[in-house]
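Each remark here refers to the structure printed beneath this line.
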Amino acid sequence: MAVHSHWSGEKVRYLLLAGLGLIIGLVIGRVWLGLTITFMLYSAWLLHQARQVDEWLQKGARRSEAPDTDGVIGHIEQLVFRRKQSDLDRKARLKKIVGWYNRSAEALPDGTVVTDDNYEIVWSNEAALSFLGIRSSRDNGQRIDNLVRDPEFQAFVQNNNQDTLEIEISSPVNRNMTLSIRRVAYAENLFLFSARDVSQRVQLRETRQAFVANASHELKTPLTVVSGYLEMLADEHSLPEEVKRKVLLAKNHANRMSDIVTDLLTLSRLENQQLDSKQLTSLDITCILETTVSDLPEHSSHHIVLNADPGLWLRGSEVEIRSVCSNLCHNAIQHTPAGTTINIRWEQTADGSGILTVEDDGPGIEVQHLNHITERFYRVDSEHSRESGGTGLGLSIVKHIVHRHQGRIDIESTPGEGTRFTIIFPAEHTIIQQSPDSPGNTVAM
């Protein structure tokens, strides 16, 4: 309504000016001259008002200094002022929001640093000073890896692999403090580094690992002695049948406990020792799988189908890769009924990765268990697992070994149809050997 009213007023003004010009033209005897003089004077008045508004805008468009204008120029002046006031209100709101954000970020207990895509520091909170030695007022514009000189952290920053988003390092401020540092990409070309003190968590983890390793080591010798004596007693023909049955049961439990201790020691070693490059050799996976299948218990009565590419080798630790193959095959046998089929495949994908697959057509696993079956002692069916003789540590060992070889493990299962374990080794670990073509081997047990 206000806009229409304004332009209606302008139309009336133009009609009045036209009438005035016509009267002047009639008086002087030249109508067009009268009209021209009238509208030239009006144009000069508009230009004067426009000049006043221009000077007002250049001085900051303060309301107290607004010129006295009218007509279309006055309307433009009002629109400019309203827009400026709206911008000021919006900036005030944004400033308040930024203030809230900054105060919230400053209150965070974790050291927080924001960098650009070149990892140059844009902002940091107070906790970053006590954790990383970074002060925003002093270090803005510096590369974060120039200030945190830990080699592992520098490699972490330079690694663009999005799978590597968290590391643990000693604090550059306090070497007795262990930090967990996460990197998160957000907004446009910005990274957020968050450092948290995890010293207590690391200490508890190391204490647990030391306890497990020491306890397992101390249990190993007495269990071996007990198993030896029980084996001698089991071979004694003069024992009554009932006593012999109990001795055999005790011997089986002692052997199972010895297997658990062995697996615990293996897990402790995998967790506490880095994979030494000297341990890596070229491995004939087809040969390892054939040996693993031939060593499986004959009483399993499973139908095992092995299809392996003999020309595809893997660079890795022989002891650990043999453990992966053995654990996956024994796991498939232990958790599937006799007479079912187990398919084992070793092949290469289009991108050069090596894929080891162990698939069965057994009872399968409910979906809620899939994310937990690689945890220590996790059992989907506790009663069946104990009867089958499993230690509950095999898949946990597999997971650790695969991660040590920069691989990953995928588990798919459908209840009533079967389970598929897929181990994916990166292309840089696979080796193509010149070998005669083979359609793969089929072994029935």
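The values are calculated or read from the model by the stated rules, or taken from the named source; none is laboratory data. Quick caveat: nothing in here was measured; it's all calculated off a predicted structure. Virtual Cβ from ideal backbone geometry, glycine too; neighbours counted across all protein chains shown.
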- Go through the stretch 285-309 and count every residue that is touching a residue at least 60 places away in the same chain (Cβ under 8 Å), surrounded by fewer than 19 Cβ atoms within 10 Å (Cβ to Cβ) and part of a loop (DSSP other than H, G, I, E, B). 2
- All but one of (1) surrounded by fewer than 17 Cβ atoms within 10 Å (Cβ to Cβ); (2) under 20 Å from ASP116 (Cα atoms) hold for ARG183, so report the exception by its number. (1)
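Within the stretch 133-149, can you find the residues that are of a type in the set (Ser, Thr, Tyr) and surrounded by 16 or more Cβ atoms within 10 Å (Cβ to Cβ)?
Of the residues in the stretch 133-149, the ones of a type in the set (Ser, Thr, Tyr) are 136-137.
Matches in the stretch 133-149: SER136 only.
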- Task: Go through the stretch 210-224 residue by residue and tally those that are modelled with pLDDT under 80 and either polar (S, T, N, Q) or not in a helix (DSSP H, G or I) (or both).
- Result: 2
- Note on the structure: Flagged in the stretch 358-378 as farther than 19 Å from GLY416 by Cβ and out of contact with any helix residue (DSSP H, G or I) (no Cβ under 9 Å at 6 or more places or on another chain), in numbering order, are ASN371, HIS372
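Could you tell me whether VAL358 is β-branched (Val, Ile, Thr) and buried (at least 18 other Cβ atoms within 10 Å of the Cβ)? It would help to see each step written out before you state the result.
On the way: β-branched (Val, Ile, Thr): yes; buried (at least 18 other Cβ atoms within 10 Å of the Cβ): yes.
Here the answer is yes, as VAL358 does meet what is asked.
Please pick out the residue among SER227, SER130 that is surrounded by 12 or more Cβ atoms within 10 Å (Cβ to Cβ), outside the structural domain of LYS251 (by TED's automatic domain parsing) and either part of a helix (DSSP H, G or I) or modelled with pLDDT of 85 or more (or both). First the steps, then the outcome.
Working: SER227 fails: outside the structural domain of LYS251 (by TED's automatic domain parsing).
Answer to the selection: SER130.
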- Test for ARG315: is it within 19 Å of ASP410 (Cα to Cα) and basic (Lys, Arg): no
- Message: Name the single residue that is nearest to LEU46 (Cα to Cα) among those in the stretch 1-34 being modelled with pLDDT of 70 or more and among the β-branched types (Val, Ile, Thr).
- Response: VAL12
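Could you tell me whether LEU248 is more than 29 Å from THR374 (Cβ to Cβ) and either without any contact (Cβ under 8 Å) to a residue 40 or more places away in the chain or assigned to a helix (DSSP H, G or I) (or both)? Write out each step before concluding.
Numbers: more than 29 Å from THR374 (Cβ to Cβ): yes; either without any contact (Cβ under 8 Å) to a residue 40 or more places away in the chain or assigned to a helix (DSSP H, G or I) (or both): yes.
So LEU248 fits the description; yes.
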- May I ask you to verify whether VAL202 is part of a helix (DSSP H, G or I), surrounded by 14 or more Cβ atoms within 10 Å (Cβ to Cβ) and out of contact with any helix residue (DSSP H, G or I) (no Cβ under 8 Å at 6 or more places or on another chain)? yes
- Taking the stretch 310-326, which residues are in contact with an Asp or Glu (Cβ under 9 Å, 6 or more places away or on another chain) and either in a helix (DSSP H, G or I) or assigned by TED's automatic domain parsing to the domain that holds LEU265 (or both)? SER326
- Note on the structure: Exactly one of SER301, SER282, SER268, SER277 is over 30 Å from the mean Cα position of the chain (by Cα), of a type outside the set (Asp, Glu) and at pLDDT below 90, and that residue is SER301
- Item | Breaking point among (1) of a type in the set (A, V, I, L, M); (2) free of Cβ contacts under 8 Å to residues at least 40 places away in the same chain; (3) surrounded by 15 or more Cβ atoms within 10 Å (Cβ to Cβ); (4) not assigned by TED's automatic domain parsing to the domain that holds CYS329, for LEU265 | (2)
